[in-house]
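Okay, structure first, notes after.
Just so you know, all these numbers are worked out from the coordinates, no wet-lab data involved. Computed from a predicted model, the values in this text were never measured in an experiment. Here the Cβ positions follow ideal geometry from the backbone for every residue, glycine too, while neighbour counts run over all protein chains shown.
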Amino acid sequence: MGDCEQVRLHGAWLSPFSCRVIWALKRKGIAFEYIEEDLSNKTPMLLQYNPIHQNIPMLLHTGKSIYESMIIIKYIEEMWSHTPLLLADPYERVIAHF
């Protein structure tokens, strides 16, 4: 199980992609620190851990950065397997995406 105390999410309240990750973290009951990014004046931490793309959302977990909301959600799903976000049956999972 992952160390919840070391989870930080950099996002912006207007971003639906940030909201998607917030929802996943809350749904799983994962404690996290939220850092609101001003996209015109990005924090040094965002620039340090995401120097190429410099985009949000960005998840920091145990000093490792993950970006792109769907990739972050896949990471969350695999790292914290309790309370699955996705259905177990492949057909039902595809229908839920529709």
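Could you tell me the calculated FRET efficiency between Leu47 and Tyr91, based on Cβ-Cβ distance and R0 = 41 angstrom, to the nearest 0.05?
0.45
Grab the beta carbon distance between Gln54 and Thr83, set R0 = 22 Å, and tell me the FRET efficiency rounded to 0.05.
Numbers: r = 32 Å, r/R0 = 1.44.
According to the calculation, E is roughly 0.10.
Test of understanding: in a Gaussian network model of the chain with alpha carbons linked when under 10 Å, which of Leu47, Leu14, Leu59 would top the mean-square fluctuation ranking?
Comparing Leu47, Leu14, Leu59 in a Gaussian network model of the chain, the most mobile one is Leu14.
As an exercise, identify the chymotrypsin sites (Phe, Trp or Tyr not before Pro) in segment 6-93 lying in DSSP coil whose Cβ has no more than 12 other Cβ atoms within 10 Å.
Trp13
Take every Cα-Cα pair in the chain and report what % of them are more than 18 Å apart.
46
Would you compute, from DSSP H runs of 4+ residues alone, the mean residue ellipticity of the chain at 222 nm, taking -39500 (n - 2.57) per run and dividing by the full residue count, rounded to the nearest 500?
Details: 4 runs with 38 residues, N = 98.
Mean residue ellipticity at 222 nm (helix-derived): -11000 deg cm²/dmol.
So in segment 10-79, what percent of DSSP beta bridges are antiparallel if you round to the nearest 5?
75
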